[in-house]
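Enquirer: Below you'll find the structure I mean.
The values are calculated or read from the model by the stated rules, or taken from the named source; none is laboratory data. Quick caveat: nothing in here was measured; it's all calculated off a predicted structure. Cβ placement follows ideal geometry from the backbone for every residue including glycine, while neighbour counts extend to all protein chains displayed.
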Amino acid sequence: MPAPQWESFAGVVLLVLAMLVLLARASQSALSGPPDGEDEQQSGERERHDDLWSGERVESGRSVTETEATAGDAADDREASNGGSRIPDAGQARPVDGSPEHDPDVAVPPGRRRPDESARDDAMTTGALLVNVAISQGLFGAMIVAAAWLAGVPAGALGVEAVTLPVLGVGVALGVALFGANELGQRIADASGVDYAEGLREQLTPESLRGWAVLLLVVLPIIAGFEELLFRGALIGALSVGFGVSPWLLAVGSTVAFALGHGAQGPGGVLVTGILGGVLAAAFVLTGSLFAVVVAHYLVNALEFVVHARD
C-alpha cells in the first residue's frame, strides 16, 4: 500500500481554508450596512423618495402644503372645465385601508416596496441563503474527502471511527454545555459594547415548517460536518499524523483560523467563536473522535437557531 501523500492533501486543505476565509469576508461585506462614504447625491435621492412617499417632504423651498394646494387648485380648474365632473389624475393614489401602498394601481416610488413584495423577497432571500450555504460548504467538504481518498490519508488520522453510545453521549453533553457558554459569551459581548453581529443567523432563520426541516436536517448537519472535518479532522488530526507536529500546537492554529472564518459575526462573534473553537479542538485532541465534535457543533448551532427564533 503506497504511503499517504501528505503534502498534496495539506495543499488542498489550505486551499479550502483560504476560500472559506474569503467567502466569510464577502459575507461580512454583504451583511454590513451602506458604506460610510456613501455618495451624498445617492443619500439625498433615497431620502427624497422616502419623504415623498410619506407625504412629509419639504423640497426646493416649497412645502408639501403648498404643493398640495397647487395640485388642488389645478384639480378644481379641471373640475370646472368638465362641467363639475372631477376627473382623477393619472397615477393619483387611491388608498385602501388608509395606506396607498396597498393599492395595486399606485406606482411605487423607487426604493419602496409593497409589504407583500417585501415578504416574498425576504422568503426568497432566506431560501437562497440556505441553498448557497449547503452547496458551498458541501462542495468544500467534498473536496477534502476526495483529497483524503486520492492522497491515501487513513480515516483514523481524520478522527473517523466507529460511532458508539459513549462517543454520542460525549458529543451531546459537550454541545449543550457549549451552547450555554455561547449564550453567556454573547451577553458579555453585548454588555461590553463589543459588536456581535446576528444578521446572518437572522437571514438564515426560516419562517415555514419546510424551511426549518431543511435548516435542521440538511444545512446545519452539512455545516457541522464540513467545519469539523476541516478545522479539527484535517488541520489537527491529519497534519499531526502526517507531519509529526504536536496536535496541541495545531489546535491553536486551527482555532485562530476557525475564528477568522466567522468574521461575518463581527468582533464579538469572532471572539466567542474562537473560544468555542478552542474547546472543540481540545475535545478532538482528547477524544480523537471527529463524530463527537460534529455532534457538539451541530447542537450549538441548532439550539441557537431554535432559541432565538422566538426573539
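Enquirer: I want to confirm something. Restricting to segment 157-172 and keeping residues that are in contact (Cβ under 8 Å) with a residue 24 or more places away in the chain and either among the polar types (S, T, N, Q) or assigned to a helix (DSSP H, G or I) (or both), which single residue is farthest from Gln5 (Cα to Cα)?
Expert: Selected residue: Val172.
Enquirer: Of the residues Val252, Val293, Val241, Val272, which single one is in the same structural domain as Phe179 (by TED's automatic domain parsing) and modelled with pLDDT under 95?
Expert: Val272
Enquirer: Going by the structure shown, is Leu250 more than 22 Å from Pro221 (Cβ to Cβ), of a type outside the set (D, E, K, R) and buried (at least 17 other Cβ atoms within 10 Å of the Cβ)?
Expert: Against the criterion (more than 22 Å from Pro221 (Cβ to Cβ), of a type outside the set (D, E, K, R) and buried (at least 17 other Cβ atoms within 10 Å of the Cβ)), Leu250 qualifies.
Per-residue answers, yes or no, for (1) in contact (Cβ under 8 Å) with a residue 60 or more places away in the chain; (2) touching a Ser or Thr at 6+ places or on another chain (Cβ under 6 Å); (3) more than 21 Å from Ala10 (Cα to Cα):
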site: Arg201; (1), (2), (3): yes, no, yes
site: Leu216; (1), (2), (3): yes, no, yes
site: Glu227; (1), (2), (3): yes, no, no
site: Val241; (1), (2), (3): yes, no, no
site: Ala259; (1), (2), (3): no, yes, no
site: Gly269; (1), (2), (3): yes, no, yes
site: Leu276; (1), (2), (3): yes, no, yes
site: Ala292; (1), (2), (3): yes, no, yes
site: Val300; (1), (2), (3): yes, no, yes
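Enquirer: Another question, if that's okay. Restricted to segment 184-197, and to residues that are modelled with pLDDT under 90 and surrounded by fewer than 18 Cβ atoms within 10 Å (Cβ to Cβ), which residue is farthest from Leu260 (Cα to Cα)?
Expert: Ala191
Enquirer: Assess whether Arg232 counts as being charged (D, E, K, R) and crowded, with 19+ Cβ neighbours inside 10 Å.
Expert: Taking the combined requirement at face value, the residue satisfies it.
Enquirer: Assess whether Arg187 counts as being free of Cβ contacts under 8 Å to residues at least 12 places away in the same chain and either under 27 Å from Leu235 (Cα atoms) or in the same structural domain as Gly237 (by TED's automatic domain parsing) (or both).
Expert: yes
Enquirer: In segment 134-157, which residues are touching a helix residue (DSSP H, G or I) at 6+ places or on another chain (Cβ under 6 Å) and under 15 Å from Ala224 (Cβ atoms)?
Expert: Of everything in segment 134-157, those that are touching a helix residue (DSSP H, G or I) at 6+ places or on another chain (Cβ under 6 Å) and under 15 Å from Ala224 (Cβ atoms) turn out to be Ala134, Gln137, Gly138, Phe140, Gly141, Ile144.
Enquirer: Please report, ordered by residue number, the helices (runs of 4 or more DSSP H) entirely within segment 208-306 with at least 1 residues that are under 21 Å from Leu139 (Cβ atoms).
Expert: In segment 208-306, 209-214, 220-228, 247-260 are the helices (runs of 4 or more DSSP H) which contain 1 or more residues that are under 21 Å from Leu139 (Cβ atoms).
Enquirer: Test Leu158 against the stated conditions and say whether it is in the same structural domain as Phe231 (by TED's automatic domain parsing) and either of a type in the set (Lys, Arg) or under 30 Å from Gly244 (Cβ atoms) (or both). Outline the logic, then answer.
Expert: Working: in the same structural domain as Phe231 (by TED's automatic domain parsing): yes; either of a type in the set (Lys, Arg) or under 30 Å from Gly244 (Cβ atoms) (or both): yes.
Here the answer is yes, as Leu158 does meet what is asked.
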